1. Please identify which residues in segment 30-56 have an amide N closer than 12 Å to a label point set 7 Å out from the Cα of Met236, following the Cα→Cβ vector.
2. State which entries of Lys41/Lys213; Lys29/Lys79; Lys29/Lys93; Lys41/Lys187; Lys41/Lys96; Lys41/Lys65 exceed 22 angstrom in Cα-Cα distance in the structure shown.
Amino acid sequence: MKKKESIFKLIKKKIRKKILSSEFYKTEKPEHIVAAIDAAKETVILSFILIIIFTQINLTLLSIKMIYFSFLISFAFWKICQTAFISWMRLNKFHKIIKEEKYEIEHHRENEKKELETIYKAKGFSGKLLEDVVDVLMADDNRLLQVMMEEEMGLVLRRYEHPLKQAIFSALGVLFSSMFLIFTLNKPYEFFFLGTFIFVLTSLYSKTNISFKIIWNLAILALISIISFFSIKYFMLTL
């Protein structure tokens, strides 16, 4: 009965901590690459909205370029600040989780030892081998902390990218997209074709469900563009 209760408590604890630490699971893409891809996609969507509006209100090409350049500069800095802030918040959360686990190791060693035994029993260890493994891990607090973070919560230590690196890559994502779009501002068809191509390109990095993601992303891009077009048309007619 006690064994079942200890396993049940461990499961509850793991579920709670997994919810807290779900942002730090190992993903198929590094965080800085994700930041760059998301920034590139956002740049394309916002560029489509802006150009659709500008062309409908009959702005001159010079005015469109001036406004678009100003937008890109401001948006790039916004992505740097936003990405860095969110990344720092996540990193602080990560540190908080580590600090809490370290406190438990230092002040509740018996509980941690029981959890460790339960974890390795579930892996098939038993008898003398189980005792040796637990004793070795309990002898080194740093090693124990790493094991508990990885085995108990599923975290991968030393994998999380620095917030500034993510911020820089998000800016690069904006620059990469805009660098190509700028040269086609005077050619609407090429502009929208190139933007669509970049949008498709950002979906190819994924290793799973590539075709589904491409179709879904293109559908979103088309929907946003259609909404922008008819919205500005409606407001122009009502004014």
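Every read-out reported here was derived from the displayed coordinates using simple, explicitly stated rules and does not represent laboratory data. It should be emphasised that the depicted structure is a prediction, and the values quoted were computed from it without experimental measurement. Quick reminder, even Gly has a Cβ in these numbers, built from the backbone with ideal geometry, and neighbours come from all protein chains shown.
1. What the label zone holds, given the 12 Å backbone N cut-off, is 52-56.
2. In this structure, Lys41/Lys96 exceed 22 Å between Cα atoms.
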